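Worksheet: the structure to be examined is printed underneath.
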Ligand code: UDX
């Protein structure tokens, strides 16, 4: 099928390239001319394993092109996905201005398009958005009616950074929210060559499935961190406990890793947005509030543990190994490292850091940190070290790498150091 993708950020580009891999003709649309040129040159604007390879292949086969021309893209395609950003506002609600603006632009083009067209919201939007502001803006700008002149669907993404192409091409499930059967049938046909169960439902339910999924995964992580905090006081290894817990098929072994808390552009934002929406509906979501609060606390608890070993951090040099919110990513959005650095600087410490991919992004937020070329360099003359991201290369660190530290105070916020190679360190929950 011929499809257009409005917004070529992390979700939009992965989706566009993924549909091209599955044989569709894809037009990726973005307002950023530079981003469009980068994509057309075969380079993905963001670091995502395998995306560049698939993009180059799709361009070579003529299955994908990027453009700033919304009008042309909609005229040439039968389905348009909306995958623009829905950033958090101060109060935790999501900013829908990009969604509204794209919906209006699509409506303006549909005004003069005779053929049936399906619009699919893929951005993460709170329940009631697709059949609310999206539907209203398209109908107002086009003068046409949903269900009669065009179809409206909601198809949430479940992509993990660093695994986006895998997660797109081999999803656990495909959720299609639809304004009407005809629209849903078009999108089911688009996904017909994916090997995954398809759930057809209404628009609001599809929106809620996305939030409920992410809120559950975030809850699993905060639950594990709570178990870790208790286990640490009991002198029990939470990792071992979670191995036993995860053997229950109803629980599964996934997302049971304790550490310095979840970050990224999704979990924090989605949990806060769901809390905000519930409150707007006069419901107090106590469980989600606790998940969020515990996660915030987990992000800086490791600094308190450090102060137990070095009571006065003023003037001390602390080395952070890892800055990205997760390994195999250059993304530092809501990363625990941001909050740990803030706390250390507030206490008068000097911070050195090393991360294989994320240092340039962190330099924009914390320019006073010394960014080093390697873990060993960052460790040299440091009074303490905190491992914040579980990059594979930190698995190889040995006592020799830590020997250049001024004092061997090593704290691990993620489980990665090899106990047979590094003799003395303590974990946040172990
Ligand atoms: C997440 C969801 O997994 C994905 O389905 C959704 O579409 C977008 O949000 P992502 O944010 O890319 O994906 O990363 P993910 O791998 O889920 O990890 C999120 C955060 O949770 C990371 O900071 C990670 O370190 C943390 N985490 C994950 C834990 O602390 N413990 C775990 O057991 C798993």
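Descriptive notes on the structure:
- Among the residues of segment 314-348, the ones that are in a loop (DSSP other than H, G, I, E, B) and within 16 Å of the ligand (Cβ to nearest atom) come to 14 in all.
- Of all residues assigned to segment 315-334, none qualifies as being touching a helix residue (DSSP H, G or I) at 6+ places or on another chain (Cβ under 8 Å) and surrounded by fewer than 16 Cβ atoms within 10 Å (Cβ to Cβ).
- A Cβ distance below 9 Å, combined with a sequence gap of six or more or placement on separate chains, defines the contacts here; from segment 322-333, residues that are in the same structural domain as residue 162 (by TED's automatic domain parsing) and modelled with pLDDT of 90 or more reach no residue that is near the ligand (Cβ under 8 Å from one of its atoms) and part of a loop (DSSP other than H, G, I, E, B).
- Residue 158 being farther than 27 Å from residue 113 by Cβ, in contact with a strand residue (DSSP E or B) (Cβ under 8 Å, 6 or more places away or on another chain) and part of a loop (DSSP other than H, G, I, E, B): no
- Test: residue in segment 296-303 that is surrounded by fewer than 24 Cβ atoms within 10 Å (Cβ to Cβ) and part of a loop (DSSP other than H, G, I, E, B): no
- Test: residue in segment 260-272 that is under 26 Å from residue 331 (Cβ atoms), at pLDDT 95 or above and away from the ligand (no atom under 13 Å from the Cβ): yes
- Residues of segment 359-394 satisfying the condition of being within 16 Å of the ligand (Cβ to nearest atom) and out of contact with any helix residue (DSSP H, G or I) (no Cβ under 8 Å at 6 or more places or on another chain): 361, 390, 391, 392
- From the list 368, 407, 423, the lone residue that is in a loop (DSSP other than H, G, I, E, B), in the same structural domain as residue 319 (by TED's automatic domain parsing) and at pLDDT 95 or above is 368.
- In this entry, residue 314 is excluded by the filter for residues that are at negative phi, in contact (Cβ under 8 Å) with a residue 40 or more places away in the chain and in the same structural domain as residue 368 (by TED's automatic domain parsing).
- Residue match in segment 110-125 (condition: over 22 Å from residue 275 (Cα atoms), part of a helix (DSSP H, G or I) and either touching a residue at least 60 places away in the same chain (Cβ under 8 Å) or more than 17 Å from the chain's Cα centre (by Cα) (or both)): yes
- In summary, residue 215 fulfils each of the numbered conditions (1) within 16 Å of the ligand (Cβ to nearest atom); (2) touching a strand residue (DSSP E or B) at 6+ places or on another chain (Cβ under 9 Å) with the single exception of condition (2).
- Annotation note: of 369, 351, 409, 387, the sole residue that is within 27 Å of residue 164 (Cα to Cα), crowded, with 18+ Cβ neighbours inside 10 Å and in contact with a strand residue (DSSP E or B) (Cβ under 6 Å, 6 or more places away or on another chain) is 387.
- So residue 241, is it in a helix (DSSP H, G or I) and either modelled with pLDDT of 95 or more or in the same structural domain as residue 338 (by TED's automatic domain parsing) (or both): yes
- Residue that is farthest from residue 175 (Cα to Cα), among those in segment 193-209 that are in a loop (DSSP other than H, G, I, E, B) and in contact with a strand residue (DSSP E or B) (Cβ under 9 Å, 6 or more places away or on another chain): 194
- Residue satisfying all of: in segment 162-188; farther than 20 Å from residue 130 by Cβ and part of a helix (DSSP H, G or I); nearest to the chain's Cα centre (by Cα) among these: 164
- Test set (1) closer than 17 Å to residue 207 by Cα; (2) outside any helix (DSSP H, G or I); (3) more than 16 Å from the ligand (Cβ to nearest atom) - residue 148 fails condition number: (1)
- The condition of being at pLDDT 95 or above and either under 17 Å from residue 75 (Cβ atoms) or outside the structural domain of residue 28 (by TED's automatic domain parsing) (or both) holds for only one of 110, 152, 135, 159, that being 110.
The values are calculated or read from the model by the stated rules, or taken from the named source; none is laboratory data. Small disclaimer: the values here were computed from a predicted structure and weren't measured. Note that each Cβ is placed from the backbone with ideal geometry, even for glycine, and that neighbours are counted across all protein chains shown.
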